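The values are calculated or read from the model by the stated rules, or taken from the named source; none is laboratory data. Here the structure is a predicted model, which is why all the values come from computation and not from measurement. Cβ placement follows ideal geometry from the backbone for every residue including glycine, while neighbour counts extend to all protein chains displayed.
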Amino acid sequence: MELFKQIPLYRFLALCNESGMEKTILDCGAGGDSPPLSLFADYGYSTCGIEMNNEQLKKADQFGQTRGQNLNILQGDMRHLPMRDESTSFVYSYNSIFHMRKSDVKESINEMKRVLKPNGLLFVNFLTLKDFRVGDGVDLGEHQYEQMEDDELVIHSYYDYLEADSMFDDMQLIYKEDRVLERKFEGEWIRQGFIDYIYIKSK
């Protein structure tokens, strides 16, 4: 079985497996050449994904096809999920939701909570002010910047340790981790900061 590079999602998978909920899961920001929806499909989950970028969607579809999986990834916007209220047991957004302004992040979080079943689990992570890129690029205010990534101009929003908590006041926190990674990237050491959250939706 393949090992996926999105390591924090293994903890989320374990908690999903232990929950006793129906195995339905949604990935918000599901594209790329190593889509973790495939990991959940390996464990018997009925998968669905939303991806805005068509090229990233195609990469994920190709990956699924090589493994005989239909990951069911749709082109769309996580601020407007094409799903019914309380229709899926588990929702996650890994290294994706912070590629937008904070007002859009809040809209997206509200959509994820809307489609999540009672007692369902939500994983989401944010960039933090400990990240080496804070301050680079065009300053949009409130620690939001336009920055170059993979030769494209994208928005990155950065959060302090407590800033995102208020978006989840109606949920129960079961896991929070403030992570700092140091690794080599293109020959240079970089420092990346993340906060991971796992919440359970109240009945």
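For segment 157-203: of the residues being surrounded by 18 or more Cβ atoms within 10 Å (Cβ to Cβ) and in contact with a Pro (Cβ under 7 Å, 6 or more places away or on another chain), which is farthest from GLU86 (Cα to Cα)?
If we take residues in segment 157-203 being surrounded by 18 or more Cβ atoms within 10 Å (Cβ to Cβ) and in contact with a Pro (Cβ under 7 Å, 6 or more places away or on another chain), then ASP196 is farthest from GLU86 (Cα to Cα).
Hey, any hits in segment 88-106 for a residue that's without any contact (Cβ under 8 Å) to a residue 24 or more places away in the chain and not in a loop (DSSP other than H, G, I, E, B)? Yes, the conditions are met somewhere in segment 88-106. Remark: pairs (first residue in segment 141-161, closer than 18 Å to GLU186 by Cβ and among the aromatic types (Phe, Trp, Tyr); second residue at pLDDT 95 or above and not in a strand (DSSP E or B); Cβ separation under 6 Å; 6+ apart in sequence or on different chains) are absent.
Can you find even one residue in segment 134-142 that is within 30 Å of VAL115 (Cβ to Cβ) and either surrounded by 12 or more Cβ atoms within 10 Å (Cβ to Cβ) or among the aromatic types (Phe, Trp, Tyr) (or both)? Within segment 134-142, one or more residues are within 30 Å of VAL115 (Cβ to Cβ) and either surrounded by 12 or more Cβ atoms within 10 Å (Cβ to Cβ) or among the aromatic types (Phe, Trp, Tyr) (or both). State whether one or more residues within segment 36-48 are in a strand (DSSP E or B), modelled with pLDDT of 95 or more and of a type in the set (A, V, I, L, M, F, W, C). Looking through segment 36-48, at least one residue is in a strand (DSSP E or B), modelled with pLDDT of 95 or more and of a type in the set (A, V, I, L, M, F, W, C).
Of the numbered criteria (1) among the aliphatic types (A, V, I, L, M); (2) modelled with pLDDT under 95; (3) within 15 Å of the chain's Cα centre (by Cα), the one LEU3 fails is (3).
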